[in-house]
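Worksheet: one structure, shown below.
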Amino acid sequence: MTLICWICVFVLVKIYERDFSATKNSEKYGDPKNKKSVKSSLEVIFKVLMLVFLCRFRAPSAILHTLKMATASFSGLQFSMSRSCIPSSQKIADASAVVLGGKSKIGSWNKLASACNVASVQPFQRGFTSSSIKSVKIVTKATSESSAESAVSGLPINLKGKRAFIAGVADDNGYGWAIAKSLAAAGAEILVGTWVPALNIFESSLRRGKFDGSRILPDGSMMEITKVYPLDAVFDNPDEVPEDIKTNKRYAGSSKWTVQEVAESVKEDFGSIDILVHSLANGPEVTKPLLETSRNGYLAAISASSYSYVSLLKHFLPILNPGGSSISLTYIASERIIPGYGGGMSSAKAALESDTRVLAFEAGRKRKIRVNTISAGPLRSRAAKAIGFIDMMIDYSLANAPLQKELSAEEVGNAAAFLASPLASAITGTVLYVDNGLNAMGVGVDSPIFKDLDIPKDQH
């Protein structure tokens with residue numbers, strides 16, 4: 001049997017030498033036919049050798065099937081590799097740029113092997129590393145040159161050419177600011193509405209550069225706010241403003257700050273917007289238990305924190321471009337008991353979420369506008385500190401949420417940018433939880449009751 005094997009090898013090698021010699025001549029005279037015969041010869045050689053091997057060692061049927069598949073795979077792989085050596089290897093360079101992300105180190109080939117389900121890539125490394133590196137560099141350079149003119153590959157959030165109005169930005173450490181920053185990072189033009197009594201301080205801080213550190217975007221540029229509008233979302237139009245507010249010195253010097261007037265001013269200045277964000281709330285009796293909350297306090301919380309969104313969308317809807325997005329901010333107290341979050345605020349957030357669903361239907365049918373709300377976790381913002389127990393809620397979240405880390409305003413901002421983008425084109429009427437998963441918990445695992453349970457904890 002061994003002698004037969006060697007005779008087969010000798011005959012097949014002679015066949016290969018004949019075809020290879022014919023191929024060399026064909027290259028000189030431009031005849032491509034003999035190239036195919038070399039390919040056929042190699043296939044025959046490999047398959048016959050495998051057949052002799054299997055007969056010699058009598059491999060089990062399962063191994064025979066595996067080797068048969070390997071033979072077929074190797075045949076195709078072998079010739080795709082040989083074609084890569086000629087100038088048309090640009091195809092491999094293109095594939096490398098996509099799969100490897102422009103990296104040319106040997107370790108990247110291992111990633112390619114995993115992606116292609118190839119068990120070993122050592123032959124690739126020895127035979128193609130140098131030529132591939134050169135091609136990859138060329139492709140990467142071309143990509144870099146064209147990146148300024150075209151979108152980055154993948155699924156980027158691109159809001160260039162879009163205009164956003166964010167209601168409720170009065171400093172640089174709240175969710176409203178973070179949302180404005182993320183939208184700006186995605187390319188959107190930013191307009192903001194600031195509560196009238198806080199307007200002077202906010203604009204002064206912007207002018208003096210107090211917020212410059214917070215305005216830095218991921219690419220190193222500064223967020224630009226095109227215009228700041230005075231806004232008090234508690235009042236729909238000038239006729240509803242009581243006399244004591246009109247004569248209040250904190251409102252002196254400002255005009256056209258009701259919801260209707262602001263919407264008209266934005267239309268006059270810019271014509272239309274694409275994104276509307278409601279990032280404001282107020283409960284004058286938020287520290288009181290619900291049983292001790294007055295009617296006026298309860299209704300004030302509903303008016304400022306819930307109906308203000310209905311009014312905002314109502315007046316801005318005519319200037320929202322079809323396909324646009326409207327976003328608000330809510331809190332888990334809308335559906336869970338949060339002692340200390342009183343004064344009707346939990347009711348206001350529940351109403352806001354209910355209104356989100358109804359508004360999604362109505363605005364979607366009228367103007368193809370998507371309406372969603374983000375249920376954000378606790379944040380040490382200036383507004384949240386007024387509640388008085390924000391630090392306690394952050395500690396609770398750290399101890400009990402699936403993700404044991406402090407929530408950043410940027411994470412909420414990025415979620416808003418996603419909802420405002422075409423990537424969320426089929427999402428509307430939704431409450432999106434951005435709270436490290438705390439909403440999913442049914443119990444507080446930091447309770448002494450669970451001290452004997454082996455509950456995983458973050459080791460970092």
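The values are calculated or read from the model by the stated rules, or taken from the named source; none is laboratory data. It should be emphasised that the depicted structure is a prediction, and the values quoted were computed from it without experimental measurement. Positions of Cβ are generated from backbone atoms using ideal geometry, with glycine treated the same way; all protein chains shown enter the neighbour counts. Ligands, DNA and RNA are stripped out before the accessible areas are found, and what is left, the full protein with its side chains, is counted by its heavy atoms. Shrake-Rupley method; radii C 1.70, N 1.55, O 1.52, S 1.80 Å.
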**Q.** Cleavage-rule hits (trypsin sites (Lys or Arg not before Pro)) in segment 321-419: DSSP loop, at most 15 neighbouring Cβ within 10 angstrom
**A.** ARG336, LYS368, ARG380, LYS405
Q.
With Kirkwood's inverse mean 1/r over C-alpha pairs for Rh, give me the Rg to Rh ratio of segment 199-298, two decimals please.
A. 1.04
Q. How many Å² of accessible area per residue for segment 296-394, probe 1.4 Å?
A. 41
Q. Which value in Å is the Kirkwood Rh of segment 359-460 over different Cα pairs?
A. 15.8
Q | Mean Cα-pair separation over length for segment 182-321, i.e. relative contact order, pairs under 8 Å, 6 or more apart, % | A | 23
(Q) Just want to confirm a number: the relative contact order over segment 312-422, from Cα pairs under 8 angstrom separated by 6+ residues, in percent. (A) 31
**Q.** Built amide H within the under 5 Å cut-off of VAL234, gap 5+
**A.** none
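Return the carbon/sulfur percentage of the accessible area of segment 371-414, one whole number, probe 1.4 Å, all protein chains in place. Write down the numbers at each step before the final one.
On the way: 1180 of 2020 Å².
That share works out to 58 percent.
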**Q.** ASN237-ASN321 pseudo-label distance in nm [points 7 Å out on the Cα-to-Cβ vector]
**A.** 2.9
Q) Round to a whole number: what % of the accessible area of segment 146-230 belongs to carbon and sulfur, probe 1.4 Å? A) 51
Q.
Computing the accessible area with a 1.4 Å probe over protein heavy atoms, can you report the carbon and sulfur percentage for segment 251-301?
A. 48
